[in-house]
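Reading through the structure tokens given below for one structure.
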Amino acid sequence: MHRFANPARFLRLAALVLPWSGGLTVVLLGAGLYFALVASPPDYQQGDTVRIMYIHVPAAWMGLFCYTTMAVASATALIWKHPLADVIAKASAPVGAGFTFLCLLTGALWGKPMWGTWWAWDARLTSMLILLFLYFGHMALVNAFDDPTRGAKAAAILALAGFVNVPVIKFSVDWWKTLHQPASVVKMGGPAIDASMMLPLLLMALGFTTYFVSVLILRVRAEIAGAKIRAIRLMQVHGQG
Amino acid sequence: MKSFVEIVRRDLRLALRQGTDSVMVVTFFVLTVVLFPFGIGPELNILQRVSPGVLWVTALLASMLSLDRLFQTDYEDGALELLTLSPTPLPIIVMAKATAHWLTTGLPLIAAAPLLAVLLNMNSSGFVTLIGAMLLGTPSLSLIGAVGAGLVLGARRGGVLLSLLILPLYIPVLIFGVGAVDAAIHGFSPNAQLLVLAAILLAALPLAPWATSAAIRQAIE
């Protein structure tokens, strides 16, 4: 892992990975959307609104996945003082917040025709909303200090403290029997979804993941470039003074 | 253990001599609760319906308002730095400071809550549960709040930031605190919710001081 702490080595690796992850994103999201919108059957109860699920469920997974990435990166940064881990944690927060927001938005759009309400104070929905607030808190805390390394450290501790929410979200549908339906993909006894609906779901989930990887690489690159610019400016200022 | 008691006594003495802090927290609590009947109208059955939620939300805000002085003054005058250098482990010191914070804010809030419950026409069967739930819940608020107070040390606009960080983490305590009182008012057993509140407290007791000390260490580095 420490081999990748070197930003130059990371940038070389990123340059190798980025075209592949970007290309895969286009292919997977294209195929996923085709299967989700055209080539999969409507649900016997929900009709065509089931197609919202092909965005909603992967977005929810990614909301949790980004937070987990952020927490793991934060732990790495705190324990091994890994310089890139801070950048990765900082870069994943807005992407994760975007996915979480997308999940809540599509959930509301689906909930109106299906449950008859945009929003319910159900355990799963509420814990997802808390996740969104945790992302916002993380983003605010990173930028709240004059010294960027202080912000990164404080945000890392917050990310780890907020991680308690992730298992709560995952198991909220099992612990509280409220409106949101329980897990149907990852559960004991195999998935309860027909293969024709599973395929677009998995394609979209993989597409979202490669999208996250691509955006993460771009954002980390931008952060490293920003740090370089700051260093150059400082050198210029000190050189003149 | 001796230094734990010493720090609690020091913080209590400081709070007493500076005087107004606990009084202000309770005054804020009372005033905010009294605003609600003006806001939603004086119908007694509506007030009764919303009383657990109003009491918990305002108690939560009141306890959050006083968080910034948990470490901020010690951070500014350098006392916090000396405390971290002492042989006592930092988590113990944090726990002592959180205890003092709870004694100066949580306890007065609990004392004021039954009176306000009467003002809001709460059913008398909810009183005991309200006190019990607040006894279990408000220490968690102080402990979780200490993490946030440690994180925002030295930040710009720390007060607003603190609420953004801490309020999401307060939500579980709020949900189960209100749930317990609601159950008691409607004649159900509040045991399940009280047990969850106790579980939250037992989880926060070792974990929050640990996270807070990490936050304080990076603040005084």
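What follows is calculated from the coordinates using simple rules that are stated; it is not laboratory data. Please read all numbers here as calculations on a predicted model, not as lab measurements. Here the Cβ positions follow ideal geometry from the backbone for every residue, glycine too, while neighbour counts run over all protein chains shown.
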Rounded to the nearest 500, the 222 nm mean residue ellipticity computed for the protein assembly as shown from DSSP H runs (n ≥ 4, each -39500 (n - 2.57)) alone is -27500 deg cm²/dmol
Order these by the 10 Å Cβ neighbour count, fewest first: A:Y211, B:Y170, B:Y75.
B:Y75, A:Y211, B:Y170
Radius of gyration and Dmax over the Cα atoms of segment B:76-200, both given in Å
17.0, 52
For segment B:1-43, what is one quarter of the convex hull surface built on the Cα atoms, given in nm²?
4.3
What residue among A:Q45, A:G63, B:L136 has its Cα farthest toward the positive end of the dipole of the protein assembly as shown, where the charges are +1 on Lys, Arg and -1 on Asp, Glu, each on the Cβ?
A:G63
Going by Cα centres, segment A:39-105 and segment B:24-46 are how many Å apart?
40
How high is the relative contact order of chain B, in percent, counting Cα pairs under 8 Å that sit 6 or more residues apart?
27
Can you give the Rg to Rh ratio of segment B:1-96, both from alpha-carbon atoms, with Rh computed by the Kirkwood formula?
1.15
Estimated vicinal HN-Hα couplings, Hz - segment A:199-205 in sequence order (Karplus 6.51, -1.76, 1.60; Gly, Pro = x):
4, x, 4, 5, 4, 5, 5
The alpha-carbon center of segment B:48-62 and that of segment A:118-152 are separated, in whole Å, by 24
Globularity ratio of chain B, using Cα Rg and 2.2 N^0.38 Å:
1.04
Taking only the Cα atoms of chain A, how large is their convex hull per residue, in Å³?
149
State, as an integer percentage, the relative contact order of chain A based on alpha-carbon contacts under 8 Å between residues 6 or more apart.
31
Starting with the fewest neighbours, write out B:R49, B:R156 ranked by other beta-carbon atoms found within 10 Å of each beta-carbon.
B:R156, B:R49
Under 13 Å from the Cβ of B:L83, count the other residues' Cβ atoms, weight Lys and Arg +1, Asp and Glu -1, and hand me the total.
-2
Lysine-lysine proximity count for chain A, Cα under 29 Å, sequence distance 8 or more or distinct chains
13
The computed P(r) of segment B:52-133 puts the percent of Cα pairs beyond 21 Å at 43
Extended-chain gain in nm, criterion 0.36 nm per residue less alpha-carbon gap, B:V5 and B:I40:
8.1 nm
Two-decimal ratio, the protein assembly as shown, of alpha-carbon radius of gyration to 2.2 N^0.38 Å
1.09
For segment A:18-131, what size does the Cα cloud have along each of its three principal axes, sorted from largest down, in whole Å?
53, 38, 16
Least to most buried among A:Y34, A:Y135 (fewest other Cβ within 10 Å first)
A:Y34, A:Y135
